[in-house]
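Asker: Can you keep this structure in mind? I'll have questions shortly.
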Amino acid sequence: TELEELALTLDAFQGQFLLVFARCNYDRVRSRLIQVLQESSPLEIRTITLNPDDTVLYQRIQRELQGDKPGALMVLGLESVLSLERMLAGADLVREEFRQHCPFPVVVWVTDSVKAQWMQFARNLESWGVSSRFTISRGELAAFITGKADQWLADGLILTETECIELRGELEAAEGELQLEDDGLEPELAAALFTLLGICQEQQGEIQAAIDYFEQALGCWQELQRFEYEGIVLREMVYGYFCQINRIQPATISSDDYNQIQQKLKDSIQQALTAFHRAQRPDLIADSIGVFGAVLRELQDWQQLRELAEQALAFDQGENRRDKLALDYTFLADVALAEERWQAAQELAETALNYGETIALGEEIEVKSRCYWIKARSQVNLGQCLAAIEQLEVAHGISQLLSN
């Protein structure tokens, strides 16, 4: 096997510099192979995992080893390095240093994308290397993709910037490999893959690309009648449309086009809520209040906002989800304010503030700022001007925290 050949190569080049490119697009495969190799080889195999902000390769290796000369060295993490072009170009310039001061095999784990960048930015050093390629079976690849999609449904698949970069690289490699096969993609696998690619694009701020992937995923989930996924993908599309509409300069778009985008937002929200109802998932309806509530408030669709906030409130109270109640009450306060029910708006905002300590910091700041502003507006209309000024000052101070 490729792993056995790699082990033999490392053994044969003891005391000599050898650059080995271990090509593997998937972290789970890479981790398993490294573990097997380290457990089965009699050599001392050291590993270095590069940080995203690293900029030099040779110096990082020397700093890590501090004069030690292991049987072999494995370098991981290149796919997450933010200044990879700079790192590779620098490594190419000091390639003789590797040969003179690294008397051991250096195994660099690379994805196909990273290997292509070696050929572009470190051509001379790359030409010294030999390659081993490690693949994953279609079954394992499908399990990886559908497992990630299930995790996304369960907990939102919250990713750090580095995790997002790595997952996107794996998914794009999977997309290329799977679509090269003759039998094509079955709907469930295609739906999961396109959904996850959309999530990665969205988290990296590439909104239109994310929407394009979500649209492909949506058709597949609808064909499969997986209503919960259909609703969540629609929610992500609503978020994408909302980001786009907020970036539009009014002078650059006609009123008809703007109205069409607004209608698309409303229709997508309604389709998502219908899908959640069909899936019998009131929790997903309640979880959507943050995105849908902000959109409906912007569109001034107070009736639908009230209905949605009341549904979310009923569910969150029943499940004692105290961290969600602040948002529910905030949107109900927005509705009361729009309907000029000043006393009710003030009381609902105060109730939201009482639950504010239970939510995440960024969201807490936003909710508090909004609630103090609602209270101020209500107090102005109730003739309580001095109290309103105090509330506005508090709201302004909190907004400054949010902007920082």
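Asker: Express the Stokes-Einstein translational diffusion coefficient of the stretch 115-161 in µm² s⁻¹, to the nearest whole number, given a Kirkwood radius over alpha-carbon pairs, 20 °C and a viscosity of 1.002 mPa s.
Answerer: Values: Rh = 14.0 Å.
Taking Rh from Cα pairs, D becomes 153 µm²/s.
Asker: A further question on this structure: Keeping the other protein chains in place, figure out the carbon and sulfur percent of the accessible area of the chain, with a 1.4 Å probe.
Answerer: Roughly 46 percent, rounded to a whole number.
Asker: Right, something else. Please determine, in degrees from 0 to 90 and to the nearest 10, the orientation of helix 289-299 with respect to the longest principal axis defined by the Cα atoms of the chain, where the helix direction is its Cα long axis.
Answerer: 60
Asker: If you plug each phi of the stretch 235-244 into the Karplus form 6.51 cos²θ - 1.76 cosθ + 1.60 with θ = phi - 60°, what whole-Hz ³J(HN,Hα) values come out, in order, with x for Gly and Pro?
Answerer: Running phi through 6.51 cos²θ - 1.76 cosθ + 1.60 with θ = phi - 60° gives 4, 5, 5, 4, 4, x, 4, 5, 4, 5 Hz.
Asker: Go ahead and estimate [θ] at 222 nm for the chain from helices alone: -39,500 (n - 2.57) per DSSP H run with n ≥ 4, summed, over the residue count, rounded to 500. Show your work: numbers first, answer last.
Answerer: Working: 20 runs with 288 residues, N = 404.
Computed mean residue ellipticity for the chain: -23000 deg cm²/dmol.
Asker: Determine the sum of side-chain charges near N25: Lys and Arg each +1, Asp and Glu each -1, restricted to other residues whose C-beta is under 13 angstrom from that of N25. Can you show the working numbers first?
Answerer: Numbers: positive: R23, R28, R30, K115, R133, R168; negative: D27, E79, D112, E140, E166, E170, E172, E175, E177.
Cβ neighbours under 13 Å give a net charge of -3.
Asker: Now for a separate question. Equivalent ellipsoid semi-axes for the stretch 165-272, as square roots of 5 times the alpha carbon gyration tensor eigenvalues: give them largest first, rounded to whole Å.
Answerer: They are 28, 17, 11 Å, listed from largest to smallest.
Asker: Under 19 Å from a point 7 Å along the Cα-to-Cβ line of E186: which residues of the stretch 137-177 have their amide N that close?
Answerer: Backbone N within reach: 137-151, 174-177.
Asker: For the pairs K148/K266; K266/K368; K148/K368, flag any whose C-alpha to C-alpha distance is greater than 31 Å. Spell out each step's value before the answer.
Answerer: On the way: K148/K266 29 Å; K266/K368 27 Å; K148/K368 34 Å.
Over 31 Å apart, Cα to Cα: K148/K368.
Asker: Here's a follow-up. Hey, could you get me the Stokes-Einstein D for the stretch 208-327, Kirkwood radius over alpha-carbon pairs, 4 °C and 1.567 mPa s, rounded to whole µm² s⁻¹? Intermediate results must be reported in sequence, preceding the final value.
Answerer: Values: Rh = 15.0 Å.
Roughly 86 µm²/s, to the nearest whole number.
Asker: Ranked from highest to lowest mean number of other Cβ atoms within 10 Å per residue, what is the order of the peptides 93-104, 111-122? Each step should come with its number before you reach the end.
Answerer: On the way: 93-104: 15.0, 111-122: 17.1.
The densest-packed peptide leads the list: 111-122, 93-104.
Asker: Work out from phi, with θ = phi - 60° and the Karplus expression 6.51 cos²θ - 1.76 cosθ + 1.60, the ³J(HN,Hα) of each residue of the stretch 194-199, listed in order in whole Hz, and give x for Gly and Pro.
Answerer: Taking θ as phi minus 60°, the curve returns 5, 4, 5, 4, x, 4 Hz for the stretch 194-199.
Asker: Could you derive backbone 3J(HN,Hα) for the stretch 81-97 from the dihedral phi with the Karplus parameters 6.51, -1.76 and 1.60 (θ = phi - 60°), listing whole Hz in sequence and x where the residue is Gly or Pro?
Answerer: So the J values, rounded to whole Hz, are 6, 6, 10, 5, 4, 4, 4, 5, 4, x, 5, 5, 5, 10, 4, 5, 4.
Asker: Could you tell me how many degrees, from 0 to 90 and to the nearest 10, lie between the Cα long axis of helix 255-279 and the main elongation axis, the longest principal axis, of the Cα atoms of the chain?
Answerer: Between the helix axis and the principal axis of the chain, the angle is about 80 degrees.
Asker: Determine the sum of side-chain charges near L348: Lys and Arg each +1, Asp and Glu each -1, restricted to other residues whose C-beta is under 10 angstrom from that of L348.
Answerer: Details: positive: R341, K375; negative: D328, D334, E347, E350.
My count for the surroundings of L348 gives -2.
Asker: Something else: What ranking do 373-386, 33-46, 211-224 get when scored by the average of other Cβ atoms within 10 Å per residue, highest first? Please list the in-between numbers first.
Answerer: Working: 373-386: 18.1, 33-46: 14.6, 211-224: 19.9.
Order by mean packing, descending: 211-224, 373-386, 33-46.
Asker: I've got another one for you. Compute the accessible area per residue over the chain, keeping the other protein chains in place, probe 1.4 Å, unit Å².
Answerer: Values: 19640 Å² over 404 residues.
The answer is 49 Å² per residue.
Asker: What order, most packed first, do the peptides 53-61, 254-262 have when packing is the mean number of other Cβ atoms within 10 Å of each residue? Don't skip to the end; give the middle numbers.
Answerer: Working: 53-61: 16.9, 254-262: 11.1.
My ranking of the peptides, most packed first, is 53-61, 254-262.
Asker: While we're looking at this one, here's another question. Around M74, which amide H atoms from residues at least 5 apart in sequence, or from another chain, sit under 5 Å from its own amide H, with H modelled in the peptide plane?
Answerer: Sorted by chain and number, the residues that satisfy this are R46, T47, I48, V107.
Asker: State the volume of the convex hull built on the alpha-carbon positions of the stretch 105-185, expressed per residue in Å³ and rounded to an integer.
Answerer: Details: hull volume 10.5 nm³, N = 81.
That works out to 130 Å³ per residue.
Asker: Could you list log10 I(q)/I(0) for the stretch 244-308 at q = 0.24, 0.26 Å⁻¹, which the Debye formula gives when each Cα is one point scatterer?
Answerer: Here the Debye-derived log intensity ratios amount to -1.05, -1.16.
Asker: Which label belongs to the value computed from this structure, given these candidates for semi-axes √(5λ) of the Cα gyration tensor in Å: (1) 29, 23, 22; (2) 34, 23, 20; (3) 52, 25, 19?
Answerer: Given (1) 29, 23, 22; (2) 34, 23, 20; (3) 52, 25, 19, the calculated one carries the label (3).
Asker: Next question. Please give the helix 2-12 orientation as an angle from the longest Cα principal axis of the chain, in degrees from 0 to 90, rounded to the nearest 10.
Answerer: The helix 2-12 is inclined about 50 degrees to the chain.
Asker: Stick to Cα atoms and the Kirkwood definition of Rh, then tell me Rg/Rh for the stretch 17-140. Spell out each step's value before the answer.
Answerer: Details: Rg = 13.9 Å, Rh = 14.8 Å.
That ratio is 0.94, to two decimals.
The values are calculated or read from the model by the stated rules, or taken from the named source; none is laboratory data. Please read these numbers as outputs of a predicted model, since none were measured by experiment. Cβ atoms come from the backbone with ideal geometry, glycine included; neighbour counts cover every protein chain shown. The protein model used for the area step is the full one, side chains on, heavy atoms only, and it has no ligands, DNA or RNA in it. Shrake-Rupley method; radii C 1.70, N 1.55, O 1.52, S 1.80 Å.
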